[in-house]
Amino acid sequence: MKTYRKELWFDTKQRREFHNITRTVDECLRESGIQEGLLLCNAMHITASVFINDDESGLHQDFETWLERLAPEKPYSQYKHNGYEDNGDAHLKRTIMGREVVVAVTDGKLDLGTWEQIFYGEFDGKRKKRVLVKIIGE
Amino acid sequence: MKTYRKELWFDTKQRREFHNITRTVDECLRESGIQEGLLLCNAMHITASVFINDDESGLHQDFETWLERLAPEKPYSQYKHNGYEDNGDAHLKRTIMGREVVVAVTDGKLDLGTWEQIFYGEFDGKRKKRVLVKIIGE
Amino acid sequence: MKTYRKELWFDTKQRREFHNITRTVDECLRESGIQEGLLLCNAMHITASVFINDDESGLHQDFETWLERLAPEKPYSQYKHNGYEDNGDAHLKRTIMGREVVVAVTDGKLDLGTWEQIFYGEFDGKRKKRVLVKIIGE
């Protein structure tokens with residue numbers, strides 16, 4: 001069995017941003033040399049997400065509007081978590097979007113559907129944060 | 001290490017449907033001959049879901065009502081994603097329900113709790129779509 | 001390839017509770033002797049969740065308030081699932097929080113970010129329920 005591990009770093013300019021990381025994750029897979037197995041990609045922070053969806057800017061605006069409706073950022077006082085911090089909403093938004101994805105590795109490639117793209121979802125940015133890529137297989 | 005891969009195809013009659021795929025996934029596992037490992041089952045489309053819950057028709061109606069409340073299909077104009085398409089709501093509904101499940105394989109069987117059943121959740125149907133089953137182990 | 005399996009049992013005093021199970025899952029990993037691989041931890045019941053977030057009591061109160069807003073427990077009659085049962089809301093709450101987490105195993109340790117903690121989320125407690133830990137690797 002082969003295993004591979006890499007951390008990806010992010011430092012977004014805005015509080016909330018979506019970044020397509022499919023190409024970077026694909027480079028990790030090639031670097032690993034693994035042909036068959038499973039790839040785990042997860043946020044290492046609890047106010048960020050790794051998820052799979054469409055790379056379409058209208059949809060990303062819809063996500064922003066929708067998440068703000070389900071778990072609004074303000075007023076900060078609505079969350080008991082917000083004392084020293086102001087990111088209560090980010091914990092909830094990331095819960096909706098999910099922490100991680102598991103992707104099949106087949107013939108040395110990410111075994112994704114036609115429109116599946118892997119995204120980093122940041123909900124409390126403007127600071128350095130990490131994503132883990134772990135691959136096991138052979 | 002052994003690996004196994006299969007695509008399952010769906011073409012639902014309605015826009016939104018839930019299908020219990022536990023038996024089909026179980027057949028994949030038997031076909032694989034894998035006794036110990038992990039099984040990934042994921043939608044290959046971004047407006048569909050694979051999730052685990054109860055096979056109870058009342059609950060499935062509750063899911064339908066609840067998802068329509070959290071991310072209504074209409075009016076289509078409420079989503080920026082809806083220009084050429086009308087499935088903005090389906091991307092959001094699938095986000096709530098999740099893309100994938102990972103199930104333990106123990107003694108050649110799906111290691112599920114008593115009431116756990118695997119479902120395909122379609123939110124933008126009436127066309128051919130795929131689910132991936134990938135198993136690794138030995 | 002090595003594999004490891006363990007069931008963790010819970011019997012909560014209240015209908016809804018969150019329990020930090022990181023230490024217990026870590027003990028499973030040590031017991032397994034696995035150094036590199038993937039760890040799956042999932043609820044075996046469909047009204048409970050395993051998720052990763054912050055061990056902060058204010059946040060946990062925020063989760064309770066937020067989940068009650070998105071999928072209220074009462075009136076019980078609002079859910080078609082509630083005939084013999086009264087736990088329709090618990091199925092929906094667990095859907096938001098997720099069934100499972102997959103965690104990388106690196107150098108014999110849970111490869112978690114600084115603030116990542118693994119929780120058991122109970123939404124229909126006061127009875128015995130199980131969580132599965134399955135680890136594969138070498």
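Data table
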read-out	value
Per-residue [θ]222 nm for chain A (sum of -39500 (n - 2.57) over DSSP H runs n ≥ 4, rounded to 500)	-8000 deg cm²/dmol
Inter-copy label distances at residue C:78 (7 Å, Cα→Cβ; nm, one decimal)	1.7, 1.7
Interface B:C - total buried accessible surface [probe 1.4 Å, Å², rounded to 100]	2500
Inter-copy label distances at residue A:23 (7 Å, Cα→Cβ; nm, one decimal)	4.7, 4.7
Percent of Cα-Cα distances greater than 20 Å, calculated over the stretch C:48-111	42
Cα pair distances of chain C binned at 10 Å [whole percent]	12, 40, 30, 14, 4, 0
Low-density loop cleavage sites - trypsin sites (Lys or Arg not before Pro) in the stretch A:1-47, where at most 13 other Cβ are within 10 Å (DSSP)	A:13
Members of the stretch B:73-103 that become less accessible by 50 Å² or more once partner protein chains are added (1.4 angstrom probe, chain alone as reference)	B:80, B:81, B:92, B:95, B:96, B:99, B:100, B:102
Approximate shape of the stretch B:95-138 as ellipsoid semi-axes (Cα gyration tensor, √5λ), whole Å, largest first	24, 14, 9
Coordinate range along principal axes, alpha carbons of the protein assembly as shown, Å, largest first	51, 48, 46
Degrees between helix B:57-70 axis and first principal axis of chain B (Cα, 0 to 90, nearest 10)	50
Degrees between helix B:22-32 axis and first principal axis of chain B (Cα, 0 to 90, nearest 10)	40
Ratio Rg/Rh [Cα only; Rh per Kirkwood] for the stretch A:1-65	1.01
Partner chain coverage, peptide B:104-110 - average Cβ within 10 angstrom	3
Total formal charge among the other residues, if their Cβ is under 10 angstrom from that of residue B:11, Lys/Arg +1 and Asp/Glu -1	+4
Accessible area per residue in Å² at 1.4 Å probe, computed on the stretch B:1-97	44
Ordering of B:44-53, C:75-84 by packing [mean C-beta count within 10 Å, highest first]	B:44-53, C:75-84
Heavy atoms of residue C:3 accessible to a 1.4 Å probe, total area in Å² rounded to 10	50
Inter-chain shielding of A:112-121 (mean C-beta neighbours from other protein chains, 10 Å cut-off)	3
Label geometry 7 Å along the beta-carbon vector: residue C:2 inter-copy distances in nm	2.2, 2.2
Peptide B:129-135 - average C-beta neighbours from other chains (10 Å radius)	3
Mean separation of Cα contacts under 8 Å (6+ apart) over length of the stretch B:62-138, as relative contact order %	21
Nearest-0.05 FRET efficiency for residue A:68 and residue B:7, computed from C-beta distance (R0 41 Å)	0.65
Gain upon complete extension [residue B:24, residue B:55; 0.36 nm per residue less C-alpha separation]	9.7 nm
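The values are calculated or read from the model by the stated rules, or taken from the named source; none is laboratory data. The model shown is predicted, which means the values in this text are computed figures rather than measured ones. As a convention, Cβ positions derive from the backbone with ideal geometry for all residues, glycine included, and neighbour counts pool all protein chains shown. Accessible surface areas use protein heavy atoms only, side chains included; no ligands, DNA or RNA. Shrake-Rupley method; radii C 1.70, N 1.55, O 1.52, S 1.80 Å.
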